[in-house]
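Data block below; observations after.
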Amino acid sequence: MSLLNYTLRIADSSLILAQRISGWCSKGPTLEEDIALSNIALDLFGQANGFLEYASKLDGNKTPDQLAFNRNEREFFNLQITEQENGNFADTIVRQFFFSTYSFLFYTELSKSTDETLAALSVKSLKEVKYHLQHSKSWMLRLGDGTEESKQKTQDALQYFWQFTGELFEMDEVDIEMSKSGIGVGNSELKTNWDKMVNEVINQSTLERPVDAYMQTGSKKGLHTECLGHLLSEMQYLPRAYPNAKW
Amino acid sequence: MNEQKFQEKIDLERKIEPKDWMPEEYRSHLIRQISQHAHSEIIGMQPEGNWISRAPSLRAKMILLAKVQDEAGHGLYLYSACETLGISREELVQQLHDGKAKYSSIFNYPTLSWADMGAVGWLVDGAAIVNQVSLQRTSYGPYSRGMVKICKEESFHQRQGYEIMAEMAKGTPEQKEMAQDALNRFWWPSIMMFGPQDSDSPRTGNAMKWKIKRQFNDELRQKFIDQTVGQVKVIGLEIPDPDLKWNEERGHYDFGKMNWDEFWSVVNGNGPCNIQRLDHHKKAHSEGEWVRKAARSYSNKQEIINA
């Protein structure tokens, strides 16, 4: 049960962020960037699919698609940062940079999992995440050290998304159990490296690290911001409206 | 003298390359045609992009997103091919925004159900492939090579579209109804994608002589109809044309009258989505302005630092 829950958390973060990023398709600031963002979304959908297949096996009852399209808001465990709206390009880049830095550290650890499936899925994901991190880092530099306008927009984005970074390192009883048994990652231990990597890029981008303040929390219990309900109602519309249909 | 050599080269089926001499009219014809083609790929991202967020399965979502991404890639090749003729991508986009450059009118129709993802892939991409296969032999080298690359990916898209239609046609009664409705809405606009009947097509003359265009509109349209009728039958749908029937003598299907008034009306801006499609593109372009500026400014600073 804990392993299923743990797997769903990983799957859901990828799925929900992929759904968000795919919203950029045909709206990118350049054609090249449109293609790059679609690539990232495709990678994340692929990762979500892999973890959902494993979750489906563990569940023994629901298919990966049923897990994606037939659960309600309170049954989703994605990190709240992933469900936040795309906003402007700087918002999307900052959200991606925070999450990809985290994912890089997380999958690096999870690829050593005693659970072979999780380890294998992590190795594959890590390759992709390295590119996502590179992509968002290079944009952090260009936007932070670009024009006054881009700097301000990126600083505002840092400020907004900061409140969702506390969740990345939270550990509840499921995390503790998984980490102790060698299956999962001790997320709280990732924070030092995350801080280091994030600070370095923020400095290089001539931006300022936001001051630690109140951190949002809740996703591990299925508590979300208002953003998620709208995202799901759109994403799940067809399978919900035509429950007997195959597509 | 130049013109004679140019024509000899074309008659020998040699490709014209960017640095070769070419008549100005050849150049401007190509710019018009290739940019229209590029804009079609880019505007064509929107009707399918409309369903990415609502695709009904993980697999369907990944296939659709990858497909729309391919179209962006095709747009890139084609803009690059066009740039070899001495015009920049910015100028081309400006022409699109000013209404001076056109894109395929089919994208001014809305996508109203998931079955439309099937119809667009199967019929719209299907019709595009028939045209593009013919254009692989076009006389301008960069355009011809672009077409070879694009055709490979398009045939994937067409199969994926047909698969969606087939799946829905054998699905629940509601799904079958959606599939038939999509076919009804997209059939006529798809066969009109080949353009006016040759008797009414003003620019065919030189385009054929210069081998920019290799086959007549009506020939290509007939080829598409002949190959599609069988596919429709296999999945148990009906083509919305009571006059469609096999003509033994011609060895082709006869088909009904196309509504050219509607076609020209949509081309001239009165389709259901003309304003929406162009506004979407303009909005994305103008919202991206500060990002492009930031990237330029950053790269200028780096050049100074590294100098």
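The values are calculated or read from the model by the stated rules, or taken from the named source; none is laboratory data. The structure presented is a predicted model; accordingly, all values stated were derived computationally and were not measured. Glycine also receives a Cβ, built like all others from the backbone with ideal geometry; neighbour counts cover every protein chain displayed. The protein model used for the area step is the full one, side chains on, heavy atoms only, and it has no ligands, DNA or RNA in it. Shrake-Rupley method; radii C 1.70, N 1.55, O 1.52, S 1.80 Å.
From the residues in region A:150-170 that are buried (at least 21 other Cβ atoms within 10 Å of the Cβ) and small (Gly, Ala, Ser), which one is farthest from residue A:212 (Cα to Cα)?
Checked region A:150-170; the qualifying residue farthest from residue A:212 (Cα to Cα) is A:150.
Going by the conditions given, is residue B:186 open to solvent by 10 Å² or more (accessible area, probe 1.4 Å), touching a residue at least 24 places away in the same chain (Cβ under 8 Å), among the hydrophobic types (A, V, I, L, M, F, W, C) and closer than 26 Å to residue B:72 by Cβ?
For residue B:186, the condition - open to solvent by 10 Å² or more (accessible area, probe 1.4 Å), touching a residue at least 24 places away in the same chain (Cβ under 8 Å), among the hydrophobic types (A, V, I, L, M, F, W, C) and closer than 26 Å to residue B:72 by Cβ - is not met.
Can you pull out every residue in region A:128-149 that is out of contact with any Asp or Glu (no Cβ under 7 Å at 6 or more places or on another chain) and either over 16 Å from residue A:97 (Cα atoms) or open to solvent by 30 Å² or more (accessible area, probe 1.4 Å) (or both)?
Of everything in region A:128-149, those that are out of contact with any Asp or Glu (no Cβ under 7 Å at 6 or more places or on another chain) and either over 16 Å from residue A:97 (Cα atoms) or open to solvent by 30 Å² or more (accessible area, probe 1.4 Å) (or both) turn out to be A:130, A:131, A:134, A:137, A:138, A:141, A:142, A:145, A:146, A:147, A:148, A:149.
Taking region B:108-134 on its own, how many of its residues are part of a loop (DSSP other than H, G, I, E, B) and within 14 Å of chain A (Cβ to nearest Cβ)?
Result for region B:108-134: 4.
If residue B:177 passes every condition in (1) within 14 Å of another protein chain (Cβ to nearest Cβ); (2) touching a residue at least 60 places away in the same chain (Cβ under 8 Å) but one, which one does it miss?
Here residue B:177 meets the rest and fails (2).
Restricting attention to region A:65-76, which residues are open to solvent by less than 60 Å² (accessible area, probe 1.4 Å) and either closer than 16 Å to residue B:59 by Cβ or touching a helix residue (DSSP H, G or I) at 6+ places or on another chain (Cβ under 6 Å) (or both)?
Those that are open to solvent by less than 60 Å² (accessible area, probe 1.4 Å) and either closer than 16 Å to residue B:59 by Cβ or touching a helix residue (DSSP H, G or I) at 6+ places or on another chain (Cβ under 6 Å) (or both): A:65, A:67, A:68, A:69, A:76.
Restricting to region A:141-174, what's the tally of residues that are over 20 Å from the mean Cα position of the chain (by Cα), polar (S, T, N, Q) and in a loop (DSSP other than H, G, I, E, B)?
1
Under 25 Å from residue A:159 (Cα atoms), basic (Lys, Arg), open to solvent by 10 Å² or more (accessible area, probe 1.4 Å) and not in a helix (DSSP H, G or I): does that describe residue A:62?
no
Can you name the residue in region A:200-247 that is at the interface with chain B (Cβ under 10 Å from one of its Cβ atoms) and in contact with a Leu (Cβ under 9 Å, 6 or more places away or on another chain) and is also most open to solvent (accessible area, probe 1.4 Å) among such residues?
The residue in question is A:247.
Can you name every one of the helices (runs of 4 or more DSSP H) wholly within region B:36-104 that holds 2 or more residues which are at the interface with chain A (Cβ under 7 Å from one of its Cβ atoms)?
Per the criteria, B:45-49, B:58-83.
Here's the yes/no breakdown for (1) open to solvent by less than 10 Å² (accessible area, probe 1.4 Å); (2) away from chain B (no Cβ under 14 Å); (3) not in a helix (DSSP H, G or I):
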site	(1), (2), (3)
A:9	no, yes, no
A:15	yes, no, no
A:37	yes, no, no
A:40	yes, no, no
A:49	no, no, no
A:54	no, no, no
A:78	yes, yes, yes
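Could we say that residue A:87 is within 14 Å of chain B (Cβ to nearest Cβ), assigned to a helix (DSSP H, G or I), touching a residue at least 24 places away in the same chain (Cβ under 8 Å) and not hydroxyl-bearing (Ser, Thr, Tyr) here?
no
Please pick out the residue among A:148, A:177, A:170 that is at pLDDT 95 or above, touching a Lys or Arg at 6+ places or on another chain (Cβ under 7 Å) and among the acidic types (Asp, Glu).
A:170
Determine if region B:251-262 includes at least one residue that is part of a helix (DSSP H, G or I), out of contact with any strand residue (DSSP E or B) (no Cβ under 8 Å at 6 or more places or on another chain) and under 23 Å from residue B:130 (Cβ atoms).
Yes, region B:251-262 contains a residue that is part of a helix (DSSP H, G or I), out of contact with any strand residue (DSSP E or B) (no Cβ under 8 Å at 6 or more places or on another chain) and under 23 Å from residue B:130 (Cβ atoms).
Looking at the structure I just gave you, is residue B:218 open to solvent by 40 Å² or more (accessible area, probe 1.4 Å) and touching a residue at least 60 places away in the same chain (Cβ under 8 Å)?
Judged against the criteria, residue B:218 is not a match.
Yes or no, residue by residue, for (1) surrounded by fewer than 18 Cβ atoms within 10 Å (Cβ to Cβ); (2) at pLDDT 95 or above; (3) at the interface with chain A (Cβ under 9 Å from one of its Cβ atoms); (4) closer than 10 Å to residue A:146 by Cα:
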site: B:269; (1), (2), (3), (4): yes, no, no, no
site: B:275; (1), (2), (3), (4): yes, yes, no, no
site: B:281; (1), (2), (3), (4): no, yes, yes, no
site: B:286; (1), (2), (3), (4): yes, yes, no, no
site: B:290; (1), (2), (3), (4): no, yes, yes, yes
site: B:293; (1), (2), (3), (4): yes, yes, yes, yes
site: B:298; (1), (2), (3), (4): no, yes, yes, yes
site: B:306; (1), (2), (3), (4): yes, no, no, no
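Please identify the pairs in which a residue from region B:244-270 that is on the phi > 0 side of the Ramachandran plot has its Cβ atom under 9 Å from the Cβ atom of a residue that is of a type in the set (D, E, K, R), counting only partners at least 6 apart or on another chain.
B:251/B:226
Name the residue that is farthest from the chain's Cα centre (by Cα), counting only residues in region A:175-199 that are open to solvent by less than 20 Å² (accessible area, probe 1.4 Å) and among the hydrophobic types (A, V, I, L, M, F, W, C).
Ranking the candidates gives A:178 first.
Can you tell me which condition residue A:83 does not meet? The list is (1) out of contact with any Cys (no Cβ under 8 Å at 6 or more places or on another chain); (2) buried (at least 20 other Cβ atoms within 10 Å of the Cβ), and all the others hold.
(1)
If you go through region B:61-89, how many residues are within 18 Å of residue B:46 (Cα to Cα) and open to solvent by 20 Å² or more (accessible area, probe 1.4 Å)?
Number satisfying all stated conditions: 6.
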